[in-house]
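The values are calculated or read from the model by the stated rules, or taken from the named source; none is laboratory data. Given the structure is predicted, the values throughout are model-derived calculations rather than measurements. Counting neighbours? That spans all protein chains shown, and the Cβs are built from the backbone with ideal geometry, glycine included. Side chains are part of the model used for accessible areas, which takes the heavy atoms of the whole protein and leaves out ligands, DNA and RNA. Shrake-Rupley method; radii C 1.70, N 1.55, O 1.52, S 1.80 Å.
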Amino acid sequence: MFVSQSHLPQLLAPAHYRDEGVLRREIEHGFLPAWHLVAVRGEWPAEGSFLTRTLLGHELILWRHGGAVRAFLNVCPHRFCAVTSLPSGCFAERIRCQYHGWEFDDTGLTRRIPDAPAFRPMEGTRLGLREYAVATVGELVFVSLAERPQPLEEWLGGAHALCAERCGGDWEHVWSWEPESPGNWKLAMEITLEGYHATETHAATLGRFPLPREEAMRHDLRRADRCGLEVAYTEDDHPDIRASCRQLRRLGREPEFVYHHLHAFPHFGIIASDAYAVAQSIVPLTPTTHVNRYRMFVYRGRAGGLAALTRRRSTRDLVAFWSRVFAEDAAMTAAHQRGMGAPAQPDGGLVSRREERVVHFQRWCLGLQEAPAGAPAAASGG
């Protein structure tokens, strides 16, 4: 059931989706205290593998060493050069700066300086790489830029258990996508928070399925900093659902018939049905552009035989389907940004009960603009 008893107002003005000052406060109070999905474990193929990522303007090295992933600022403390310019590679034992060859261990401490006597009387380990917190759940790897981040399990709330179950173990990572797209990050977030647009925006994909009845839906708005959606469904709701259930049973899993969509603000969400799960993180690049990080998992099931062959085919179809859905979302987010940027605006701003999670999110975003300097957004109430 919906929480609201009547329609709701649009709380954010068009300026909230294009103003530099608004974005600065969102980053300070919302994004810097948060955890950010950066990859899955399988994206480090071997010991010593590294990836580089840009996160809110911070250049990072994500290095697998000793079976764990460590995150460091990709800036050498010697002369502030980027340690590496490669998107990925391998540092076998130590991180080595590309400019002068300074080397750093898995704690970021300086372990070798070429021509070290020229730097006397400096103590060899005094300078080192800046390190950031890393936490994992299932196969998902998160980084926080905060000095003392909230534990990941607390930050994710109910999404933590869902990520642990559906993003690892019996569930296999099958697809990654990180498009940079036009549109304010909040518009990209809002389109994930309501299904009202599905019949029009996704006419050829999700629009083939009828909008769920209100009595089959449950909105969870108990916490100000997160929200949830559960939808109960049956095999009889659509032929595609019946086909998916047959395939799932061949793989040895009985369907639960619940669709989950959980969010941790500002920017993380996980979609999970009986056959697949998609983790998503939206990060602003500018007031009017963003990057959307997707990681998809499918139920692994029995190995070998016809069931495994059918799973490979269904996985290919799922990836193609959700690629189209997310591309449709991106196109509509760009169109929404054009509307928000128009010099003349109509009277209006009306939100349906079916879209009430959007208003819940907007209320939290308004709190970021009112927070005192250095304070994170409120984490309770609402």
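Answer yes or no as to whether Ala39 is among the small types (Gly, Ala, Ser), in a loop (DSSP other than H, G, I, E, B) and modelled with pLDDT of 95 or more.
no
Conditions tested, residue by residue: (1) crowded, with 20+ Cβ neighbours inside 10 Å; (2) closer than 30 Å to Arg295 by Cα.
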{"residue": "Ile113", "(1), (2)": "no, no"}
{"residue": "Pro121", "(1), (2)": "no, no"}
{"residue": "Leu140", "(1), (2)": "yes, yes"}
{"residue": "Val143", "(1), (2)": "yes, yes"}
{"residue": "Glu147", "(1), (2)": "no, yes"}
{"residue": "Trp155", "(1), (2)": "yes, yes"}
{"residue": "Gly158", "(1), (2)": "no, yes"}
{"residue": "Trp171", "(1), (2)": "yes, yes"}
{"residue": "Ser176", "(1), (2)": "no, yes"}
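Confirm whether Ala15 is more than 20 Å from Val143 (Cα to Cα) and either assigned to a loop (DSSP other than H, G, I, E, B) or open to solvent by 40 Å² or more (accessible area, probe 1.4 Å) (or both).
yes
From the list Ile61, Ile27, pick out the single residue that is β-branched (Val, Ile, Thr) and open to solvent by less than 30 Å² (accessible area, probe 1.4 Å).
Ile61
Filter region 245-286 for residues that are at pLDDT 95 or above, closer than 17 Å to Ser176 by Cα and more than 13 Å from the chain's Cα centre (by Cα) and give the result.
Correct list: Ala272 only.
Please pick out the residue among Gly128, Gly169, Gly157 that is in contact (Cβ under 8 Å) with a residue 60 or more places away in the chain and not β-branched (Val, Ile, Thr).
That would be Gly157, the only listed residue that is in contact (Cβ under 8 Å) with a residue 60 or more places away in the chain and not β-branched (Val, Ile, Thr).
Go through (1) within 23 Å of Cys97 (Cα to Cα); (2) in contact (Cβ under 8 Å) with a residue 12 or more places away in the chain; (3) more than 18 Å from the chain's Cα centre (by Cα); (4) open to solvent by 30 Å² or more (accessible area, probe 1.4 Å) for Glu43 and report which single condition fails.
(3)
Against the definition (of a type in the set (Val, Ile, Thr), touching a Pro at 6+ places or on another chain (Cβ under 7 Å) and more than 27 Å from Gly42 (Cα to Cα)), how does Val258 come out, yes or no?
no
Under 8 Å between Cβ atoms, which residue pairs at least 6 apart in sequence (or on different chains) link something in region 181-198 that is touching a residue at least 60 places away in the same chain (Cβ under 8 Å) and over 14 Å from Tyr17 (Cβ atoms) with a partner that is acidic (Asp, Glu) and not in a loop (DSSP other than H, G, I, E, B)?
Pairs that qualify, where the first residue is touching a residue at least 60 places away in the same chain (Cβ under 8 Å) and over 14 Å from Tyr17 (Cβ atoms) and the partner is acidic (Asp, Glu) and not in a loop (DSSP other than H, G, I, E, B), are Thr192/Asp329; Leu193/Glu355; Glu194/Glu355; Tyr196/Glu355.
Quick one: is Arg312 open to solvent by 80 Å² or more (accessible area, probe 1.4 Å), of a type in the set (Lys, Arg), modelled with pLDDT under 90 and in a loop (DSSP other than H, G, I, E, B)?
No, not satisfied.
Working only within region 169-212, note down all residues that are over 27 Å from Leu140 (Cβ atoms), part of a loop (DSSP other than H, G, I, E, B) and among the hydroxyl-bearing types (Ser, Thr, Tyr).
Hit for region 169-212 is Tyr196, nothing else.
Looking at region 58-84, I want the residues that are touching a residue at least 60 places away in the same chain (Cβ under 8 Å) and have a partner that is open to solvent by 40 Å² or more (accessible area, probe 1.4 Å) with Cβ atoms under 6 Å, at least 6 apart or on another chain. Which pairs are those?
Val69/Val134; Arg70/Asp106; Ala71/Val134; Phe72/Glu131
Among the residues of region 82-97, is there at least one that is within 21 Å of the chain's Cα centre (by Cα) and open to solvent by 30 Å² or more (accessible area, probe 1.4 Å)?
The answer is yes; a qualifying residue exists.
Specify the residue that is farthest from Thr84 (Cα to Cα); the eligible residues are those in region 123-132 that are surrounded by 17 or more Cβ atoms within 10 Å (Cβ to Cβ) and under 29 Å from the mean Cα position of the chain (by Cα).
If we take residues in region 123-132 being surrounded by 17 or more Cβ atoms within 10 Å (Cβ to Cβ) and under 29 Å from the mean Cα position of the chain (by Cα), then Tyr132 is farthest from Thr84 (Cα to Cα).
Identify, from the list Val75, Val3, the residue that is surrounded by fewer than 17 Cβ atoms within 10 Å (Cβ to Cβ), β-branched (Val, Ile, Thr) and not in a strand (DSSP E or B).
Val3
Tally up the residues in region 49-72 that are outside any strand (DSSP E or B) and touching a Leu at 6+ places or on another chain (Cβ under 7 Å), please.
Here the count works out to 1.
Going through region 315-352 one residue at a time, which ones are open to solvent by 70 Å² or more (accessible area, probe 1.4 Å), within 14 Å of Leu187 (Cβ to Cβ) and either among the β-branched types (Val, Ile, Thr) or free of Cβ contacts under 8 Å to residues at least 12 places away in the same chain (or both)?
Residue satisfying the conditions is Arg338 alone.
Is it the case that Pro149 is within 20 Å of Glu26 (Cβ to Cβ), outside any helix (DSSP H, G or I) and either more than 14 Å from the chain's Cα centre (by Cα) or small (Gly, Ala, Ser) (or both)?
When the stated conditions are applied, Pro149 passes them.
Give the residues of region 62-89 that are within 20 Å of Ile113 (Cα to Cα), among the hydrophobic types (A, V, I, L, M, F, W, C) and in contact with a strand residue (DSSP E or B) (Cβ under 7 Å, 6 or more places away or on another chain), sorted by residue number.
The answer is Phe72, Leu73, Val75, Ala82, Val83.
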